[in-house]
Amino acid sequence: MNLIDQLQAAVGAAHVLIASDETAPYLTDWRRRYTGRARAVVRPATVQEVAAVVATCAASGTPVVPQGGNTGLVGGATPDESGRAIVLSLGRMNRTRAIDPLNNTITVEAGCPLQRVQEAAAAAGRLFPLSLAAEGTATIGGNLSTNAGGTQVLRYGNARELTLGLEVVLPSGEVWNGLRGLRKDNTGYDLRDLFIGAEGTLGVITAACMKTFPLPRGQGTALLAVQAVDDALEVLALAQSLAGPALTGFELFSDLCLQLVERHFPPHRSPLVERAPFYTLLQVSDHASDAHAATLLQDIAGQAMDRALATDAVLAQSVAQARGLWALRELISEAQASEGKNVKHDISVPISAIGRFVHETDTALVRHMPGVRMVTFGHLGDGNLHYNVSPPAGLAEGDFLAQQPAIYRLVHDQVMRYGGSISAEHGIGQLKREENRRYKAPVELALMRSIKDAIDPLGIMNPGKVV
């Protein structure tokens, strides 16, 4: 049998897509930056089918590109233009296998959308805290492949910190079943963490055992206007001292971000009386009551204004108002995409250095390209900024994009100067592979290559990504 016949035998003919109109949605990334070709898109429904597909590809030397919800931002789930690879779409592997409320765990398959995991946990009286704007379509497998962060890392950690065990199909087609719901397991190398953040270059994550938490009894959301990033950092320190671990989210966005959301999503507008250069969005998750959460936020906002750290504040008085405040933050990426081409960054620097980083890098970018507009937003509480650059008004798109390498170099050099990272939660994919080679120490790159060669000696797993 040829490759297509073997794949059809493994998963059923209906789930091996080869017609161009059927494969097209899987071959272009979410940002429409990369479009590749593939011999087929294969849609397995079980770990056994995934193992059979990967073993078949290993035998023929066929590259495998794992794909979840295809919401990635660095081209990590898009095949190259050679047409040699298959895309392994895990969308049919979308079941919740087990929920253990007493152990505070939920075991789900990799193709399960993040929002569905949240809902399954909530139905069992538990919180699954990973939360991000694309949660309706992003899948757990994709979240793990990039070690996704989202808006509650401040309290609960990245995807890696939320994972206890994995089930993985290795490049040989063998299955490693590490779905153990243990907080302590000191029996050798931590294999789990090899695959989290590897973007499918070492194997295919097919299921995960994830941590859950008791549902909070109360929540509160507030939006504060601040004059500078350094003021926002002072508000963060104040909020942490007053709320402690109840502070689950602390976001930052600039007024330009807010203007873009208001322009492209007209029902959404700032509830504040006056504009400010920056805004902080706070969320408190309380184990007492909504009233107690509101009191905490009132104390934070009141003291911030008394100390002249904030110039205005609004506290959500209902669930609908809280959602409206969060929409101002979560719609920024879509609003910027509607505005036109931009140069995106997903960087992290030590929290204490963020103010200096933003001021110095903004100044350098304006010097390099007068009139440039900075769309700065992100997770201030964990040091992760989406530090995006939009062109000066009236500049032709082609002329702006021609400056992209220079903009990357300027921003990433600054990130390294402050001891940061060029990718905080989006991954490396295709977009940042060469940048990663520039900034990673040779010994780090050599170690990564050694691991890749040892686990995937044929080099069939998601080639051209990360390393």
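Residues checked against (1) closer than 15 Å to Gly218 by Cβ; (2) surrounded by 15 or more Cβ atoms within 10 Å (Cβ to Cβ):
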site	(1), (2)
Ser289	yes, no
Leu297	yes, yes
Gln303	no, yes
Asp312	no, yes
Leu315	yes, yes
Ala327	no, yes
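Taking only the range 333-355 into account, find how many residues are assigned to a helix (DSSP H, G or I) and within 23 Å of Gly398 (Cα to Cα).
Narrowing the range 333-355 to residues assigned to a helix (DSSP H, G or I): 333-339, 351-355.
Still in the running and within 23 Å of Gly398 (Cα to Cα): 333-339.
So the answer is 7.
Out of Ser289, Ser241, Ser285, Ser254, I need the residue that is under 11 Å from Ala225 (Cα atoms) and either among the charged types (D, E, K, R) or outside the structural domain of Thr151 (by TED's automatic domain parsing) (or both). Which one? Please lay out each step first, then the result.
Values: Ser289 fails: under 11 Å from Ala225 (Cα atoms); Ser241 fails: under 11 Å from Ala225 (Cα atoms); Ser285 fails: under 11 Å from Ala225 (Cα atoms).
Answer to the check: Ser254.
Quick check, is Asp399 farther than 22 Å from Ile351 by Cα and part of a helix (DSSP H, G or I)? Write out each step before concluding.
On the way: farther than 22 Å from Ile351 by Cα: yes; part of a helix (DSSP H, G or I): yes.
Yes: the conditions hold for Asp399.
Does the range 264-271 contain any residue that is crowded, with 17+ Cβ neighbours inside 10 Å, within 20 Å of Gly378 (Cβ to Cβ) and under 23 Å from the mean Cα position of the chain (by Cα)?
no
Failed condition for Ile451, given (1) closer than 30 Å to Ala58 by Cα; (2) in contact with a Pro (Cβ under 9 Å, 6 or more places away or on another chain); (3) surrounded by 14 or more Cβ atoms within 10 Å (Cβ to Cβ), with all others met?
Among (1) closer than 30 Å to Ala58 by Cα; (2) in contact with a Pro (Cβ under 9 Å, 6 or more places away or on another chain); (3) surrounded by 14 or more Cβ atoms within 10 Å (Cβ to Cβ), the lone unmet condition for Ile451 is (2).
If you take the residues of the range 106-119 that are buried (at least 23 other Cβ atoms within 10 Å of the Cβ) and in contact with a Leu (Cβ under 7 Å, 6 or more places away or on another chain), which of them is farthest from Pro66 (Cα to Cα)?
This residue is Leu114.
Can you say whether Arg367 is more than 17 Å from Thr151 (Cβ to Cβ), touching a residue at least 24 places away in the same chain (Cβ under 8 Å), in the same structural domain as Leu410 (by TED's automatic domain parsing) and out of contact with any Asp or Glu (no Cβ under 8 Å at 6 or more places or on another chain), as far as the supplied structure shows?
Details: more than 17 Å from Thr151 (Cβ to Cβ): yes; touching a residue at least 24 places away in the same chain (Cβ under 8 Å): no; in the same structural domain as Leu410 (by TED's automatic domain parsing): yes; out of contact with any Asp or Glu (no Cβ under 8 Å at 6 or more places or on another chain): yes.
For Arg367, the condition - more than 17 Å from Thr151 (Cβ to Cβ), touching a residue at least 24 places away in the same chain (Cβ under 8 Å), in the same structural domain as Leu410 (by TED's automatic domain parsing) and out of contact with any Asp or Glu (no Cβ under 8 Å at 6 or more places or on another chain) - is not met.
Among the residues of the range 234-253, are any in contact (Cβ under 8 Å) with a residue 40 or more places away in the chain, closer than 30 Å to Pro391 by Cβ and touching a Pro at 6+ places or on another chain (Cβ under 9 Å)?
No, the range 234-253 contains no residue that is in contact (Cβ under 8 Å) with a residue 40 or more places away in the chain, closer than 30 Å to Pro391 by Cβ and touching a Pro at 6+ places or on another chain (Cβ under 9 Å).
Just name the residue that is farthest from His15 (Cα to Cα) out of those in the range 48-94 that are in contact with a Cys (Cβ under 8 Å, 6 or more places away or on another chain) and either in a loop (DSSP other than H, G, I, E, B) or not aliphatic (A, V, I, L, M) (or both).
Just the residues of the range 48-94 that are in contact with a Cys (Cβ under 8 Å, 6 or more places away or on another chain), to begin with: 63-64, 86, 93-94.
Going one step further and asking which of them are either in a loop (DSSP other than H, G, I, E, B) or not aliphatic (A, V, I, L, M) (or both), we end up with 63, 93-94.
Values: Pro63: 18, Met93: 12, Asn94: 15 Å.
Out of the qualifying residues, it is Pro63.
Is it the case that the range 27-38 has a residue that's part of a strand (DSSP E or B), touching a strand residue (DSSP E or B) at 6+ places or on another chain (Cβ under 7 Å) and surrounded by fewer than 20 Cβ atoms within 10 Å (Cβ to Cβ)? Please lay out each step first, then the result.
Within the range 27-38, the subset part of a strand (DSSP E or B) is 28, 35.
Filter once more, keeping what is touching a strand residue (DSSP E or B) at 6+ places or on another chain (Cβ under 7 Å): 28, 35.
The next check asks that each one be surrounded by fewer than 20 Cβ atoms within 10 Å (Cβ to Cβ); those that pass are 28, 35.
Looking through the range 27-38, at least one residue is part of a strand (DSSP E or B), touching a strand residue (DSSP E or B) at 6+ places or on another chain (Cβ under 7 Å) and surrounded by fewer than 20 Cβ atoms within 10 Å (Cβ to Cβ).
Given the options Thr201, Thr151, name the one that is more than 20 Å from Ser348 (Cα to Cα), under 19 Å from the mean Cα position of the chain (by Cα) and part of a loop (DSSP other than H, G, I, E, B). Can you show your working first?
Numbers: Thr151 fails: more than 20 Å from Ser348 (Cα to Cα).
Exactly one of Thr201, Thr151 is more than 20 Å from Ser348 (Cα to Cα), under 19 Å from the mean Cα position of the chain (by Cα) and part of a loop (DSSP other than H, G, I, E, B), namely Thr201.
The values are calculated or read from the model by the stated rules, or taken from the named source; none is laboratory data. Because the structure is predicted, anything quoted here is derived from the model rather than measured. Positions of Cβ are generated from backbone atoms using ideal geometry, with glycine treated the same way; all protein chains shown enter the neighbour counts.
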